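K.L.:
First the structure, then my questions, so here it is.
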Amino acid sequence: MEKNRALDSHTILFGVFGDPVRHSRSPVMLNQAFQVAGLNHAYAAFHVEPPALGDAVRGIRALGFRGVNVTIPHKVEVMQYLDEIDEGARVIGAVNTIVNENGKLIGYNTDGIGYVRSLKEETGIDIRGKRIVLLGAGGAARGVAYALAKEAPAEICIANRTKEKAIDLAEAIGAYTSTRGMGLNELRDAVSEADIIVNTTSSGMHPHVGDVPMPVEWISSRHLCSDLIYNPRITRFLQEAEKNGARIHGGLGMFIYQGAYAFEYWTGVTAPVSAMRQVVEQSLA
Ligand code: ATR
């Protein structure tokens, strides 16, 4: 690996805006990627509180940052300060990556496409023609549902505790694929026909590690079960799914590939994914 490069007067700057932000693994991951790619780029975490978001975005232009990631709680609010929003980010209703094209700020969402690339690369599955059950209809679900819909599945069934949100999301992506929205209590038939089950809810996330988002006894060897959660690395939902013979896929890859897409949008260079994964795994160990 190349020796660590000192910042100089040519260094191109990047960052993540969040509140809180000190837990973010993005600086470690993106700086590693820049270093491995031999780029004189640097990435830092900026604690931006909501009232300061507009000023912070104007700072991207003023200081000539090439790109920024935005995380909780800014992904929706940031859109009003940008010059252009990519189609996917518009449908999802949230931006996590900003590209500065000579002062023009363009918003993208790489979360959902990052998830789908991780699912495909890490399991080898071909999503075309598959029946998918998506559990949850919050912010993360929107990105994942949109990106899955673009892969030409046979159907996406969205099930959520609050049924209306599932129906709204099913409608929002209905232009791209066949969809159904339902309550969690109406899931059974959809699960029995599904090939892929994706948990986007926070059920099972630390510290609620005993929770599962659906009755696990409905899962069998016909299923590939995937969870967006990566703390814990393997949720109880995935543990139980594996016991029932299902293939499983954890959430860490989504974080890595959303960063890989951001890297690629900013630099035009293929992201060094394995080096990024290695440094993130070290930071979580
Ligand atoms: P995120 O950005 O991580 O998606 P979010 O927008 O708050 O966060 O969405 C959380 C999702 O998890 C929602 O689908 C939520 O269901 P509701 O819309 O009914 O609130 C779901 N969720 C959270 N806790 C849950 C639980 N204990 N059981 C089932 N679903 C849960």
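Every read-out reported here was derived from the displayed coordinates using simple, explicitly stated rules and does not represent laboratory data. Just so it is clear, the model here is predicted, and its values are computed rather than measured. Here Cβ is always computed from backbone atoms with ideal geometry, including for glycine, and neighbour counts include all displayed protein chains.
K.L.:
Where the only charges are on Cβ atoms (+1 Lys, Arg; -1 Asp, Glu), what is the dipole of the stretch 112-250 about its Cα centre, to the nearest 20 debye?
P.N.:
160 debye
K.L.:
Another question, if that's okay. When the helices in the chain are scored as -39500 (n - 2.57) per DSSP H run of 4 or longer and the sum is shared across all residues, what 222 nm value do you end up with, to the nearest 500 deg cm²/dmol? Please list the in-between numbers first.
P.N.:
Details: 10 runs with 104 residues, N = 285.
Calculated mean residue ellipticity at 222 nm is -11000 deg cm²/dmol.
K.L.:
Once the other residues with Cβ under 14 Å from the Cβ of LEU187 are scored (Lys, Arg +1; Asp, Glu -1), what is the net sum?
P.N.:
Working: positive: ARG131, ARG161, LYS163, ARG180, ARG188; negative: GLU155, GLU186, ASP189, GLU193, GLU217.
It works out to a net charge of 0.
K.L.:
For the chain, find the longest principal axis of its Cα atoms and tell me its angle to the long axis of helix 139-149, 0 to 90°, nearest 10.
P.N.:
Between the helix axis and the principal axis of the chain, the angle is about 70 degrees.
K.L.:
Could you work out the relative contact order of the chain? I mean the mean sequence separation of Cα pairs under 8 Å and 6+ apart, divided by the number of residues, in percent.
P.N.:
Dividing the mean separation by the residue count of the chain yields 16 percent.
K.L.:
What Kirkwood radius, in Å to one decimal, follows from the Cα pairs of the chain?
P.N.:
Hydrodynamic radius (Kirkwood, Cα pairs) of the chain is 19.5 Å.
K.L.:
Rounded to whole Å and ordered largest first, report the semi-axes of the equivalent ellipsoid of the stretch 112-250 derived from its Cα gyration tensor (root of 5λ).
P.N.:
20, 17, 15
K.L.:
On to the next question. What list of ³J(HN,Hα) values in whole Hz, one per residue of the stretch 201-206 in order, does the Karplus curve 6.51 cos²θ - 1.76 cosθ + 1.60 (θ = phi - 60°) give from phi, with Gly and Pro shown as x?
P.N.:
Result, rounded to whole Hz: 7, 8, 5, x, 6, 3.
K.L.:
Another one. Using only the alpha-carbon atoms, what does the stretch 141-180 span along each of its principal axes? Please give whole angstrom values in decreasing order.
P.N.:
Taking max minus min along each principal axis of the Cα atoms, the stretch 141-180 gives 26, 16, 13 Å.
K.L.:
Could you give me the ³J(HN,Hα) list for the stretch 118-135, computed from phi with Karplus coefficients 6.51, -1.76, 1.60 and θ = phi - 60°, whole Hz, x at Gly and Pro?
P.N.:
Calculated HN-Hα couplings, in order: 5, 4, 5, 5, 8, 10, x, 6, 9, 6, 3, x, 7, 9, 10, 10, 10, 9 Hz.
K.L.:
Let me ask something else. When the dipole is taken about the Cα centre of the chain, and only Lys, Arg (+1) and Asp, Glu (-1) are charged at their Cβ, what size is it in debye, to the nearest 20?
P.N.:
The calculated dipole for the chain is roughly 340 debye.
K.L.:
In whole Hz, with x marking every Gly and Pro, tabulate ³J(HN,Hα) for the stretch 251-264 from phi via Karplus 6.51 cos²θ - 1.76 cosθ + 1.60, θ = phi - 60°.
P.N.:
So the Karplus estimates, Gly and Pro as x, are x, 5, x, 4, 5, 5, 6, 5, x, 5, 5, 4, 3, 5 Hz.
K.L.:
Continuing with the same structure: Taking the highest mean first, how do the peptides 53-62, 92-101, 219-228 order by number of other beta carbon atoms within 10 angstrom per residue?
P.N.:
Taking the mean over residues of other Cβ atoms within 10 Å, the ranking is 92-101, 219-228, 53-62.
K.L.:
When you count, for each residue, the other Cβ atoms within 10 Å and take the mean per peptide, how do 206-217, 102-113 rank with the highest first?
P.N.:
102-113, 206-217
K.L.:
Determine, for each peptide in 230-237, 121-128, 259-266, the mean count of other beta carbons within 10 angstrom over its residues, then list the peptides with the highest first. Walk me through the numbers before you get to the answer.
P.N.:
Details: 230-237: 18.5, 121-128: 13.5, 259-266: 23.1.
In decreasing order of mean packing, 230-237, 121-128, 259-266 become 259-266, 230-237, 121-128.
K.L.:
Let me ask something else about it. For PHE255, what is the net charge nearby, where nearby means another residue's Cβ is under 15 Å from its Cβ and Lys, Arg count +1, Asp, Glu -1?
P.N.:
After counting each charged neighbour, the total is 0.
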